[in-house]
Amino acid sequence: MGMLEGFSSLQDRKYIVVGTHYDNLGMIDGILYPGADANVSGVAAMLAIADAFRRQRDDHILYRSNIIFVAFDKYIDGRIGSQVFWDDICTGKYQDPLTGRKIGPEDISLMVDIDQTGCTLSPVNSGRKDYVIALGVQSLPLRQRNVLDQCNRFYECNLDVCQSYYGSENFTKAFYRLGDRRHFIDAGIPTVMFTSGITMDTNKVSDTADKLDYKVMEKRARLIFHWIERMTYLNK
């Protein structure tokens, strides 16, 4: 875990949680399941985004919201890591390092979950490998729902952004609630997850680093960074 502080002079301190899970199947019967896409790619994206915000801070650029970066474990074992994190938030275990005030669920204005963003093997639209799936945009306040598309155009990421899981309403609802984000969703906190979708290699020994599309992965991370950057000013 780590936190990037916002304007310390603001009394109404809000927090954006940017999370991802870092565990996978690991070793089974002596065979390694690499998990390069699911979910080393998500961890790499989160670390790159956190580093980009750190460099912004070094350039004396500050944001309205605080940003908490957290990598969850025990995803495979029932999302236990994110459950413990959420329980600790609810019981006031975490304190703002600047003010000493306990951080509660009511202080979290947005949760961002980065889950499997490295492949281009399951495109949303035929012929477009430069895509990303963003679920939960509709959970945002109305005035914030176009920000992702605006960032995609303004920063020339030009990704094919899909706000459903391959056009299926039922799969979108089910997939949206599957991960570590479910605790935040159940609490009514606006939550957006980013993914490149499940592939034929997910949770198999074939989920290796050579299957990743690093150029598209970088574009996805850049879009998520700029979107979070904009959301730090909009979330209250």
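A few points about this structure:
- Residue in the range 50-67 that is under 18 Å from GLN116 (Cβ atoms), hydroxyl-bearing (Ser, Thr, Tyr), out of contact with any Pro (no Cβ under 6 Å at 6 or more places or on another chain) and at pLDDT below 90 present: no
- Cβ-Cβ under 8 Å pairs, at least 6 apart or on other chains, the range 199-220 side closer than 14 Å to GLN116 by Cβ and part of a helix (DSSP H, G or I), far side open to solvent by less than 50 Å² (accessible area, probe 1.4 Å) and β-branched (Val, Ile, Thr): LYS211/THR199; VAL216/THR120; MET217/THR117; ARG220/THR117; ARG220/VAL132
- Set ARG128, ARG181: member being under 22 Å from ALA38 (Cα atoms) and surrounded by 21 or more Cβ atoms within 10 Å (Cβ to Cβ): ARG181
- Residue in the range 50-90 that is surrounded by the fewest Cβ atoms within 10 Å (Cβ to Cβ), counting only those that are part of a loop (DSSP other than H, G, I, E, B) and of a type in the set (A, V, I, L, M): ILE61
- Some residue of the range 194-210 being under 28 Å from ASP23 (Cβ atoms), surrounded by 19 or more Cβ atoms within 10 Å (Cβ to Cβ) and aliphatic (A, V, I, L, M): no
- Output for the range 20-49, where each listed residue is open to solvent by 40 Å² or more (accessible area, probe 1.4 Å) and either farther than 16 Å from ILE198 by Cα or assigned to a loop (DSSP other than H, G, I, E, B) (or both): TYR22, LEU25, MET27, ILE28, ASP29, GLY30, ILE31, LEU32, PRO34, ALA44, LEU47, ALA48
The values are calculated or read from the model by the stated rules, or taken from the named source; none is laboratory data. This one's a predicted model, so the numbers in the text were calculated from it and none came from an experiment. Note that each Cβ is placed from the backbone with ideal geometry, even for glycine, and that neighbours are counted across all protein chains shown. Protein only, heavy atoms only, side chains kept; ligands, DNA and RNA dropped before computing areas. Shrake-Rupley method; radii C 1.70, N 1.55, O 1.52, S 1.80 Å.
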